[in-house]
Structures are given as structure tokens and as C-alpha cells.
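The values are calculated or read from the model by the stated rules, or taken from the named source; none is laboratory data. Only a predicted model underlies this, so the values are computations on that prediction, with no experimental measurement involved. Using ideal geometry, Cβ is built from the backbone for each residue, glycine included, and neighbour counts are taken over all protein chains shown. Areas reflect the complete protein model, heavy atoms only, side chains present, ligands, DNA and RNA absent. Shrake-Rupley method; radii C 1.70, N 1.55, O 1.52, S 1.80 Å.
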Amino acid sequence: MRKSLGWAELGLALLAVIGAVACWNAGVRTTEFPAVADVSPAYSGTFYSGSWIALAALVVTAAALLMVDGVRRVLSGRAPHTG
């Protein structure tokens, strides 16, 4: 039971990392601006959405916690000692 729960947590951690990458990609937008004659050269601007980037950081933190606990559950063969 403990090992199966550990494997489930590792699977959830993998899904959380994929979700974090999706959140990060949603939070970064690059726009290309063409050159304007005699005024400015062509350039690109990048917009970072703080809420998407913060959500990605939160999801990565949750994935790390799930991974640590999942590895602990998979590697420990017996029930924990409870005093």
C-alpha cells in the first residue's frame, strides 16, 4: 500500500512539472516590433505575467514535496516507527 501510494505521488509530481511548464509558457509573451523608418530599429519586447510565473513556482514547489515523499515511500520497505 505504501509503495503504491509513493508511485502515485511520483506520477502526480511528474504531472505537476508538466503543468508548471505550461504555466510558465503561458506567462511569457514575446512581441516583435518592425522598424520604423528614421525613428527606431526593429526590436522585440517580452512581457512576463507575474501571476502565471508565481503559479508555476508554486506548482514546482508542490511537485518537489510530492517527489520527496514519494521517493521516501517507495524506498522504505516497512511501516515507520511510531515511538
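The table below lists the values:
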{"item": "Hits in region 23-42 - residues which are open to solvent by 60 Å² or more (accessible area, probe 1.4 Å) and hydrophobic (A, V, I, L, M, F, W, C)", "result": "Trp24, Phe33, Ala35, Val36, Ala37, Val39, Ala42"}
{"item": "Answer residue from region 43-72, given it is open to solvent by 70 Å² or more (accessible area, probe 1.4 Å) and at pLDDT below 95 and is farthest from Leu10 (Cα to Cα) among those", "result": "Tyr43"}
{"item": "Scan of region 29-83 for residues that are under 27 Å from the mean Cα position of the chain (by Cα), outside any loop (DSSP other than H, G, I, E, B) and among the polar types (S, T, N, Q), ordered by number", "result": "Thr30, Thr31, Ser44, Thr46, Ser51, Thr61"}
{"item": "So Ala22, is it within 30 Å of Met1 (Cβ to Cβ), assigned to a helix (DSSP H, G or I) and touching a helix residue (DSSP H, G or I) at 6+ places or on another chain (Cβ under 9 Å)", "result": "no"}
